[in-house]
Structure formats: C-alpha cells, structure tokens
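Scroll down for the structure; my scribbles are underneath it.
The values are calculated or read from the model by the stated rules, or taken from the named source; none is laboratory data. Computed from a prediction, not measured in an experiment: that's the story for all the values here. Backbone-built Cβ (ideal geometry, glycine too); neighbour counts: all protein chains shown. What goes into the accessible areas is simple: the full protein's heavy atoms, side chains included, and nothing from ligands, DNA or RNA. Shrake-Rupley method; radii C 1.70, N 1.55, O 1.52, S 1.80 Å.
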Amino acid sequence: MVKIAPSILAANFMCLEKELLDIEFAGADLIHFDVMDGHFVPNITFGPMILHQAKKKCGLAFDVHLMVNDPIKFIPWYAEAKPDIITFHLEATLNPEKEIELIKSFGIKVGISIKPETDVEVLDNFIDVVDLILIMSVNPGFGGQKFNHSAIDKIKYLKEKTKNTKTLIEVDGGINMETAKLCIDAGADILVAGSAIFGSNNYADSIRQIKGE
Ligand code: DX5
Ligand code: ZN
C-alpha cells in the first residue's frame, strides 16, 4: 500500500501545530519537511528549530527533504532533531558518498533525490546503498506546480532496478488524484503531496483519494 507524506510547505504556518495534529489524525503516514536555502532553489523555508518543535507535536515519521547546496554542512543540524529520513540532492554535492555516510552515522535513513532534468541512470550506483530515492516531478523550490510526466519513466526504471532491494521510491511535486494513480501504477512507494492535501477542505478525504481508496 502506497504511503502519503503531506508536505507542510503547503500548510498554514500561522497554525502549524494544529495543521500537524489535523494531518496526523487525517491518516498521513509521514510528514514531508521541505528545507530550502535560497541557493540550491530560489526560496527559503524551515530551519532545524522548527523541525525540533514540530517533532515534539507530531508522532509521525519525519521525512526531511534538503534542497540545499553543500548538504554536508546542514545534515548535522537537522539530524539532531532525529527525523526518520534525510534526503539530499545528488546535484548539490560532488561527493554524495560523504553525505550518505554522514546521515547513516546518525542512525537515520538516507534518501537521495534528483531534479526532473537529471537522468535517472546517475542513481545506478546508489540504489543498493540508500534507503530511499526521491524523484522530483517538478523543479524543486515551490509547491503547486504541474506534474512533469518524465517522472513516470524514472519510477518504472527504478522499480525494476530496486526489485531485489528494500530501497523505496518516493515522488514529489504536482501529486493529485490523477497523477498519484500514474505513480502508484508505475511502482511508487511514497507520494508527497502539498497543495492537493492542505489546499483541500477535507484532509482525510484527500489522502484517501490520493491513495486511490
Ligand atoms: C517542492 C517541494 C515539494 C512541494 C510539493 O520543491 O519539494 O515537496 O511541497 O508541493 P505540491 O504537492 O503542491 O506540488
Ligand atoms: Zn519535497
């Protein structure tokens, strides 16, 4: 069964505690926490203090998506809050092995992500060493963008490559009821959705619809 990771980028920050409690009650599986540095992407979001506080309010697993240059510098800041997964971008580092090793050293699951314009084959050498691969189906930086269908072929490719592994495939950007079905059929394990959930007036219904229930 596919898991849903609502992105709190689309939540109402003025009442983040209520949003976290509501989304947990609505049946979310994980909380997707988008970190942007204003350099790797043209936007800035949450620092580690917010992660610390959010984790105290919500019992779900936290899925931290680092959209930052030089992730090696940021990983210890976020690792301290003990999220379940930290994902960094392959495009943001010259030595991804170092980030992988560092995240693992904190006992946290490692995710690696690629932007829509990056070829999926660059992940071949990492499939066995990471816990999760995050396929971006929009250009990272903002919520509410249109799904890029190149993600579907990437998911199918990874499904085949990961078949003898425990590596999970996650998709992020432009997920709604229709695009979710395409991703699920292609083999995705986790779907990130921001605006389709937090922009709706019934979080539980939206989660169920995205899951295809
Ligand atoms: C984009 C973020 C996404 C984003 C998804 O850079 O990584 O997690 O919040 O938002 P929607 O679901 O609105 O496309
Ligand atoms: Zn994200």
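Estimated at the nearest 10 Å², the accessible area of residue 93 is 30 Å² with a 1.4 Å probe. As a fraction of the 1.4 Å probe accessible area of the chain, surface on carbon and sulfur atoms comes out at 52 percent. Accessible surface calculations at 1.4 Å, restricted to protein heavy atoms, place the range 3-211 at 46 Å² per residue. Relative contact order for the chain: 22 percent, from Cα pairs under 8 Å spaced at least 6 residues apart, divided by residue count.
From the P(r) of the range 3-211, could you give the percentage of C-alpha pairs in the tail past 33 Å? Roughly 6 percent, rounded to a whole number.
For the range 3-211, the dipole from Cβ point charges (+1 on Lys and Arg, -1 on Asp and Glu) about the Cα centre works out to 400 debye, to the nearest 20.
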